[in-house]
1. If you go through region 170-186 one residue at a time, do you hit one that is under 29 Å from D131 (Cα atoms) and of a type outside the set (D, E)?
2. For region 99-110, what are the residues that are open to solvent by less than 40 Å² (accessible area, probe 1.4 Å) and assigned to a loop (DSSP other than H, G, I, E, B)?
3. Would you check if S96 is touching an Asp or Glu at 6+ places or on another chain (Cβ under 7 Å) and surrounded by fewer than 24 Cβ atoms within 10 Å (Cβ to Cβ)?
4. Condition check: of a type in the set (D, E, K, R), within 30 Å of V65 (Cβ to Cβ) and open to solvent by 60 Å² or more (accessible area, probe 1.4 Å). Does D196 satisfy that?
5. Do we find that K153 is without any contact (Cβ under 8 Å) to a residue 40 or more places away in the chain and either in a loop (DSSP other than H, G, I, E, B) or touching a strand residue (DSSP E or B) at 6+ places or on another chain (Cβ under 9 Å) (or both) in this structure?
Amino acid sequence: MSLANELRTLYHLTLAPVKGDSHQDRLESFYSGQASNYDSFRKRLLHGRERLYANTPCPPGGVWVDFGGGTGANLEFLGDRIHEIGKIYIVDLSASLLAVAKRRIEENAWSNVVTVLADAATWQPEEKDIDTATFSYSLTMIPNWFAAIQNAKELLRPEGHIGVVDFYVGKKYPAANQQQHSWLIRNFWPTWFANDNVFLSSDHLPFLQNHFAEIQCAEALAKVPYLPLFRVPHYSFIGRNQDATKIKD
């Protein structure tokens with residue numbers, strides 16, 4: 001990425017006002033000025049994606065939905081496996097990011113990949129049942145994240161799989177098998193990211209663990225561009241849908 005593009009992306013991340021009356025309007029306001037440079041900068045910020053997409057199962061000929069898939073860059077982590085999947089949907093509310101995804105689809109001749117401008121909490125494919133659902137750094141940007149996971153769970157076939165990688169913060173008193181974060185981490189990062197309408201939560205990971213059979217789970221701290229002394233927590237979760245029932249409160 002050139003210095004000019006880097007500065008432009010940093011401006012939209014830190015200084016540019018986010019406007020809009022709806023969540024979709026605010027997303028487009030945030031991403032429209034940085035969509036073309038989105039992938040280059042995020043490679044240094046969004047950790048764990050390659051492992052998630054390489055390890056999340058999907059049967060040959062199956063249906064995969066990448067909720068909040070944006071530019072479609074996540075699909076490159078599938079490698080040659082992408083050609084074995086029957087159909088892949090990239091679902092996102094940002095038209096600017098999906099425009100980049102459409103160019104990527106054409107350049108790679110992915111005939112089995114389509115883009116959908118829609119809300120992850122309500123959208124449903126024509127197939128009705130899917131084999132795999134993924135959320136890559138999108139759950140923290142979905143206001144009704146509970147409904148988004150519920151929608152994915154209801155769409156998944158019994159024994160279908162979900163994969164999620166995202167930023168988060170641990171609970172003050174986490175479960176024995178989860179990491180404990182300092183007071184600074186638990187308070188600084190939610191405030192920092194909230195400026196861009198990215199809402200870190202201590203509930204996402206426990207919720208996923210309670211509603212899907214855990215296959216893989218990893219928690220880590222990662223470097224942040226231009227903040228060399230800081231580390232942001234992120235998790236990666238792969239789970240199996242044990243049944244087709246709806247999530248209950």
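The values are calculated or read from the model by the stated rules, or taken from the named source; none is laboratory data. Fair warning: this is a prediction, and the values are worked out from it, not measured in the lab. In this analysis, Cβ positions are derived from the backbone assuming ideal geometry, glycine residues included, and neighbour counts consider all displayed protein chains. Side chains are part of the model used for accessible areas, which takes the heavy atoms of the whole protein and leaves out ligands, DNA and RNA. Shrake-Rupley method; radii C 1.70, N 1.55, O 1.52, S 1.80 Å.
1. The answer is yes; a qualifying residue exists.
2. Residue satisfying the conditions is W110 alone.
3. yes
4. For D196, the condition - of a type in the set (D, E, K, R), within 30 Å of V65 (Cβ to Cβ) and open to solvent by 60 Å² or more (accessible area, probe 1.4 Å) - is not met.
5. no
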